[in-house]
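The values are calculated or read from the model by the stated rules, or taken from the named source; none is laboratory data. Computed from a predicted structure; not experimentally measured. Here the Cβ positions follow ideal geometry from the backbone for every residue, glycine too, while neighbour counts run over all protein chains shown.
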Amino acid sequence: MANIQITDELLSKYFAGEALPEEAMAIDDWKNSHADNASLFHASWDAWQMTSAHPYIKPDLQAIWQQTNAKRPQKIRVLPWAAAAAALLTAVVLIWLQQRKPVTMTIAATQQTVTQTLPDGSVAKVTPGSTISYTNRTIQLKGNGDFDVKSDPEKPFIVQAGPVQITVLGTAFHVEESDSLVIVQVSSGKVRMDKAGKDITVAAGQMGYYKAGALVLENYHFTFDNNSLGSILERLSMAYHKKIVLQDPAMADLRISSVFENKPLDYMLEVITSTLNLKYSYRNRDEIYIEEE
């Protein structure tokens with residue numbers, strides 16, 4: 001089949017049922033070759049419906065080929081293709097631009113957590129003091145948010161948190177963003193964190209964070225080998241989204257060795273504080289206070 005260029009004039013002929021068999025087949029192949037081509041085809045068809053009184057009848061290719069083999073069809077009438085194509089092009093551009101117009105949404109949580117279904121079907125939960133701006137499956141995040149993403153292999157879901165880009169096809173994950181730290185915790189599926197050409201993949205049950213210019217992958221397996229209490233509490237605080245306060249800053253220099261494999265935070269705090277002759281209590285849901293017994 002000769003290389004046939006798909007033009008507005010050719011589409012006009014196709015919609016009018018007057019395209020030659022090879023032209024109709026070329027248009028069908030072009031339409032089915034890519035989603036963008038199919039979208040443009042349907043936009044053109046909508047435009048043709050608005051600009052032309054000619055009903056569209058898809059050509060019977062087999063019948064036309066049989067006629068062609070017997071006798072090459074003669075053109076029995078000429079349509080003003082230039083005018084029709086120009087009108088079609090104008091309408092297509094208007095419809096195409098409307099279809100391609102970005103879908104945007106802004107969600108700001110002030111006093112309480114806001115849960116919102118996004119235009120693509122994903123769900124975002126934004127905590128107080130946080131804001132997200134959504135544009136066609138791309139999120140700009142300020143603060144903290146949880147995302148349950150609807151899968152779309154052709155259009156990844158992206159969260160921009162500070163300097164870090166988080167890319168996901170379909171999963172549930174939590175993001176915390178501040179001036180010096182970006183934390184990503186994945187509850188199902190996996191995400192990719194990118195920063196300045198470097199990336200890590202964070203899978204379910206893992207945490208990735210960006211701090212001091214580095215991307216770090218953390219499993220919920222904690223091995224402490226004579227680590228300081230201060231460094232231990234910093235890791236637990238990031239992993240479990242809790243603020244942990246010491247009664248006396250000097251306690252941060254206490255040291256302990258232990259291994260925890262997928263243990264709840266309360267279990268680990270109980271082991272750590274009892275070993276060091278300390279005790280812990282919750283000031284509120286998100287803040288823990290450690291003091292001497």
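Remarks
Residue by residue, here is whether (1) under 17 Å from Gly189 (Cα atoms); (2) assigned to a strand (DSSP E or B) holds:
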residue: Thr115; (1), (2): no, yes
residue: Pro128; (1), (2): no, no
residue: Ile132; (1), (2): no, yes
residue: Gln140; (1), (2): no, yes
residue: Asp152; (1), (2): yes, no
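- Lone qualifier among His34, His54, His42 - being within 19 Å of Asn3 (Cβ to Cβ) and either modelled with pLDDT under 75 or surrounded by fewer than 16 Cβ atoms within 10 Å (Cβ to Cβ) (or both): His34
- Flag not set for Lys142, criterion: surrounded by fewer than 21 Cβ atoms within 10 Å (Cβ to Cβ) and at pLDDT below 90.
- The set of residues in region 207-266 being among the small types (Gly, Ala, Ser) and not assigned by TED's automatic domain parsing to the domain that holds Arg192 consists of Ser228, Gly230, Ser231, Ser237, Ala239, Ala250, Ala252, Ser257, Ser258.
- Residue match in region 281-289 (condition: under 26 Å from Val182 (Cβ atoms) and assigned to a helix (DSSP H, G or I)): no
Listed here are the residues, each with its yes/no results for (1) surrounded by fewer than 15 Cβ atoms within 10 Å (Cβ to Cβ); (2) in contact with a helix residue (DSSP H, G or I) (Cβ under 6 Å, 6 or more places away or on another chain); (3) of a type in the set (Gly, Ala, Ser); (4) at pLDDT 90 or above.
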position: Ser130; (1), (2), (3), (4): no, no, yes, yes
position: Asp146; (1), (2), (3), (4): no, no, no, yes
position: Pro153; (1), (2), (3), (4): yes, no, no, no
position: Ile158; (1), (2), (3), (4): no, no, no, yes
position: Ile166; (1), (2), (3), (4): no, no, no, yes
position: Gly170; (1), (2), (3), (4): no, no, yes, no
position: Ser178; (1), (2), (3), (4): yes, no, yes, no
position: Met193; (1), (2), (3), (4): no, no, no, yes
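- Scope region 179-194; condition closer than 19 Å to Gly143 by Cβ and of a type in the set (D, E, K, R); matching residues: Asp179
- Region 201-228, residues that are among the aliphatic types (A, V, I, L, M) and crowded, with 18+ Cβ neighbours inside 10 Å: Val202, Met207, Leu215
- Selection from region 237-250 of residues that are part of a helix (DSSP H, G or I) and within 12 Å of Glu287 (Cα to Cα): Ser237, Tyr240
- Positions within region 253-280 being outside any strand (DSSP E or B) and within 26 Å of Gln206 (Cα to Cα), in sequence order: Asn262, Lys263, Pro264, Leu265, Asp266, Tyr267, Met268, Leu269, Glu270, Val271, Ile272, Thr273
- Identity of the residue in region 229-257, under 32 Å from the mean Cα position of the chain (by Cα) and among the small types (Gly, Ala, Ser), that ends up surrounded by the most Cβ atoms within 10 Å (Cβ to Cβ): Ala239
- Residue within region 256-265 that is closer than 30 Å to Ala172 by Cβ and of a type in the set (Val, Ile, Thr) present: yes
- In region 268-282, the residues that are surrounded by fewer than 14 Cβ atoms within 10 Å (Cβ to Cβ) and within 14 Å of Ser237 (Cβ to Cβ): Tyr282
- Test: residue in region 275-284 that is farther than 21 Å from Tyr220 by Cα, in contact (Cβ under 8 Å) with a residue 40 or more places away in the chain and in contact with a Lys or Arg (Cβ under 8 Å, 6 or more places away or on another chain): no
This table checks each residue for (1) touching a residue at least 12 places away in the same chain (Cβ under 8 Å); (2) surrounded by 13 or more Cβ atoms within 10 Å (Cβ to Cβ).
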site: Val182; (1), (2): yes, yes
site: Lys190; (1), (2): yes, yes
site: Val259; (1), (2): yes, no
site: Asp266; (1), (2): no, no
